[in-house]
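K.L.:
Starting off with a structure, shown below.
The values are calculated or read from the model by the stated rules, or taken from the named source; none is laboratory data. A quick note: this is a predicted structure, and the numbers were derived from the prediction, not measured. Every residue, glycine as well, gets a Cβ built from its backbone with ideal geometry; the counts of neighbours run over all protein chains shown.
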């Protein structure tokens with residue numbers, strides 16, 4: 001430990017570990033006469049240092065909350081021994097390295113929070129086969145495609161925002177029946193939206209802003225029957241904004257600004273319900289305020305994307321004709 005400005009660990013000495021501040025004990029399941037460490041909660045302690053490998057010896061720990069500190073280095077592999085882990089929160093620290101695969105060895109984990117660190121690389125496909133309720137990955141340095149196994153995930157909340165993910169939104173997303181909130185904002189994702197997105201009947205927050213999605217908006221976005229916040233701003237979407245989206249019964253905020261939409265229905269311009277906030281600025285809709293210039297719009301609108309042939313929707317891109325090599329006649 002390098003720094004403990006709040007003196008949180010000032011009483012961390014002697015054999016009575018259960019009296020240490022931030023350490024929580026319970027009766028051992030196999031021997032009620034004994035107490036074992038079941039949880040460590042050092043949230044907002046501002047402690048600087050590394051996680052010791054000896055943490056892996058606390059095999060009864062089910063909860064580790066270390067958010068808002070200055071822990072650095074990698075998550076020790078010894079933590080794979082903590083097979084009772086239920087909640088693991090190391091958000092807002094200085095951890096580095098690949099995705100900490102120790103979490104894959106925890107059979108009962110439900111909550112994983114890795115936000116605001118410097119984790120990098122690809123996500124293991126097995127992550128989405130865990131029986132999780134919440135998964136927070138935003139504000140790291142993750143790259144690669146989002147695994148197709150996301151469709152097997154049981155999460156109700158998952159955040160991918162502010163990373164460097166690329167490629168398509170997996171078509172398997174439509175199988176995420178428990179999903180309530182999903183945030184993809186500020187990555188390098190692109191292509192057309194898969195039709196399967198419309199199967200997310202229970203989602204309340206859907207945010208794909210600040211990416212490179214293109215093509216028209218699928219009409220089945222109107223399947224978001226419970227959506228409260230819908231943000232598709234900051235992409236390269238074209239065509240018309242489906243009228244039914246602006247009539248969704250639970251919608252309170254719909255942002256489709258800074259795209260290339262050329263048509264907007266009156267249901268979006270003047271929503272039937274007064275409590276809906278709609279932002280259409282930065283598009284190509286004639287007669288609307290704060291739109292792109294004709295020159296900016298023409299570059300994209302005049303070259304529409306055929307989403308039926310886009311790989312992200314399961315289509316096959318048109319084959320390019322290979323030029324026939326020029327044959328030289330022998331002399």
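K.L.:
Considering only residues that are more than 19 Å from residue 289 (Cα to Cα) and crowded, with 19+ Cβ neighbours inside 10 Å, look in segment 247-268 and name the one that is modelled with the lowest pLDDT.
P.N.:
Per the criteria, the residue is 248.
K.L.:
Among the candidates 86, 65, single out the residue that is crowded, with 19+ Cβ neighbours inside 10 Å and either in the same structural domain as residue 154 (by TED's automatic domain parsing) or without any contact (Cβ under 8 Å) to a residue 40 or more places away in the chain (or both).
P.N.:
Testing whether each residue is crowded, with 19+ Cβ neighbours inside 10 Å and either in the same structural domain as residue 154 (by TED's automatic domain parsing) or without any contact (Cβ under 8 Å) to a residue 40 or more places away in the chain (or both) leaves just 65.
K.L.:
Here is a follow-up. Does at least one position in segment 192-208 carry a residue that is touching a helix residue (DSSP H, G or I) at 6+ places or on another chain (Cβ under 6 Å), more than 18 Å from residue 136 (Cβ to Cβ), surrounded by 18 or more Cβ atoms within 10 Å (Cβ to Cβ) and in contact (Cβ under 8 Å) with a residue 40 or more places away in the chain?
P.N.:
Yes, segment 192-208 contains at least one residue that is touching a helix residue (DSSP H, G or I) at 6+ places or on another chain (Cβ under 6 Å), more than 18 Å from residue 136 (Cβ to Cβ), surrounded by 18 or more Cβ atoms within 10 Å (Cβ to Cβ) and in contact (Cβ under 8 Å) with a residue 40 or more places away in the chain.
K.L.:
Separate question: Suppose we filter 156, 185 for residues that are outside the structural domain of residue 87 (by TED's automatic domain parsing) and closer than 20 Å to residue 225 by Cβ; which single one remains?
P.N.:
Criteria check complete, one pass: 156.
K.L.:
Continuing with this model, one more query. Looking at 56, 39, 49, which is the one that is buried (at least 17 other Cβ atoms within 10 Å of the Cβ), in a strand (DSSP E or B), in contact (Cβ under 8 Å) with a residue 24 or more places away in the chain and assigned by TED's automatic domain parsing to the domain that holds residue 85?
P.N.:
39
K.L.:
Condition first: surrounded by fewer than 13 Cβ atoms within 10 Å (Cβ to Cβ) and farther than 19 Å from residue 109 by Cα. Now tell me which residues in segment 12-36 satisfy that.
P.N.:
Matches in segment 12-36: 13, 14, 15, 16, 19, 27, 30, 31, 32, 33, 34.
K.L.:
Could you please tell me which pairs satisfy a Cβ distance under 8 Å, a separation of 6+ or placement on different chains, a first residue in segment 3-17 that is under 17 Å from residue 44 (Cβ atoms), and a second residue that is surrounded by fewer than 13 Cβ atoms within 10 Å (Cβ to Cβ)?
P.N.:
4/10; 9/1
K.L.:
Oh, and also: Of the residues 272, 263, which single one is in the same structural domain as residue 296 (by TED's automatic domain parsing), more than 23 Å from residue 185 (Cα to Cα) and part of a strand (DSSP E or B)?
P.N.:
On inspection, the qualifying residue turns out to be 263.
K.L.:
Residue under question is residue 68, and the condition is that it be over 19 Å from residue 23 (Cβ atoms) and either assigned to a loop (DSSP other than H, G, I, E, B) or over 22 Å from the mean Cα position of the chain (by Cα) (or both); does it hold?
P.N.:
no
K.L.:
In addition: Quick test for you: out of 150, 169, 173, pick the one residue that is farther than 20 Å from residue 71 by Cβ, in contact (Cβ under 8 Å) with a residue 40 or more places away in the chain and either touching a helix residue (DSSP H, G or I) at 6+ places or on another chain (Cβ under 9 Å) or part of a strand (DSSP E or B) (or both).
P.N.:
169 is the lone residue from the list that is farther than 20 Å from residue 71 by Cβ, in contact (Cβ under 8 Å) with a residue 40 or more places away in the chain and either touching a helix residue (DSSP H, G or I) at 6+ places or on another chain (Cβ under 9 Å) or part of a strand (DSSP E or B) (or both).
K.L.:
If you check residue 240 against the conditions, is it part of a strand (DSSP E or B) and either at pLDDT 95 or above or under 22 Å from residue 168 (Cα atoms) (or both)?
P.N.:
The answer is yes for residue 240.
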